[in-house]
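A short write-up of the structure that comes next.
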């Protein structure tokens with residue numbers, strides 16, 4: 001069996017330095033929301049490494065971002081568990097309602113100001129309603145603030161760490177945001193692809209990408225099916 005994304009790599013073949021470069025270049029041509037992108041990343045997880053791969057690239061950011069992309073199937077699996085719980089809840093329309101459901105995700109005992117702050121950060125569209133992907137922002141921002149939790153929050157936090165690390169890769173000085181120019185200078189994608197990704201990343205189009213915007217975009221990338229909440 002082989003998946004053609006510009007290069008055929010049968011599952012029985014080993015993934016080596018020789019064909020890995022072809023695989024990554026072909027993968028970069030796909031949108032993260034493309035169904036074939038999901039298939040390709042799942043294929044990557046199944047392939048057997050002959051040894052640790054060294055990605056030859058002129059861009060360290062591109063090299064490390066590729067490693068992040070290869071975690072998408074694992075992130076999606078973790079987020080689906082969160083979604084299963086979210087789907088059993090009612091509307092989350094106020095900070096107090098958010099406070100009432102956070103214990104289901106392993107966050108208990110948060111004070112009123114903390115919850116209000118998380119609500120404000122997560123409500124990207126200012127609808128005063130927390131949708132599923134905005135709940136992911138809530139949990140990701142809670143992790144970023146190193147708020148202590150247990151149970152499900154601990155299990156989910158390791159995936160938010162992966163996302164946070166990718167964000168910090170593009171915000172090495174810790175400004176708390178990524179500029180559009182930084183994305184362009186990183187050369188992670190080609191010129192046209194970069195402009196497409198910027199439209200996806202910069203939700204409010206202010207030329208800066210915040211952590212909530214980054215989490216939201218990643219959630220759109222890893223969920224290649226289900227309803228798209230971009231026009232919430």
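A few comments on the model shown:
- Among the candidates 163, 137, 215, 178, residue that is buried (at least 21 other Cβ atoms within 10 Å of the Cβ) and more than 13 Å from the chain's Cα centre (by Cα): 178
- For segment 119-130, filtering for residues that are surrounded by fewer than 14 Cβ atoms within 10 Å (Cβ to Cβ) and either in contact with a helix residue (DSSP H, G or I) (Cβ under 7 Å, 6 or more places away or on another chain) or in a loop (DSSP other than H, G, I, E, B) (or both) leaves 3.
- Of 78, 116, 99, all but one fail to be in contact (Cβ under 8 Å) with a residue 40 or more places away in the chain and either assigned to a helix (DSSP H, G or I) or out of contact with any helix residue (DSSP H, G or I) (no Cβ under 7 Å at 6 or more places or on another chain) (or both); the exception is 78.
- Residue tally, condition over 22 Å from the mean Cα position of the chain (by Cα) and in a loop (DSSP other than H, G, I, E, B), over segment 102-113: 4
Throughout, read-outs are computed from the coordinates displayed, never taken from laboratory work. Note that this is a predicted model, so its numbers are computed, not measured. Neighbour counts are summed over all protein chains in view; Cβ atoms, including those assigned to glycine, are modelled from backbone coordinates with ideal geometry.
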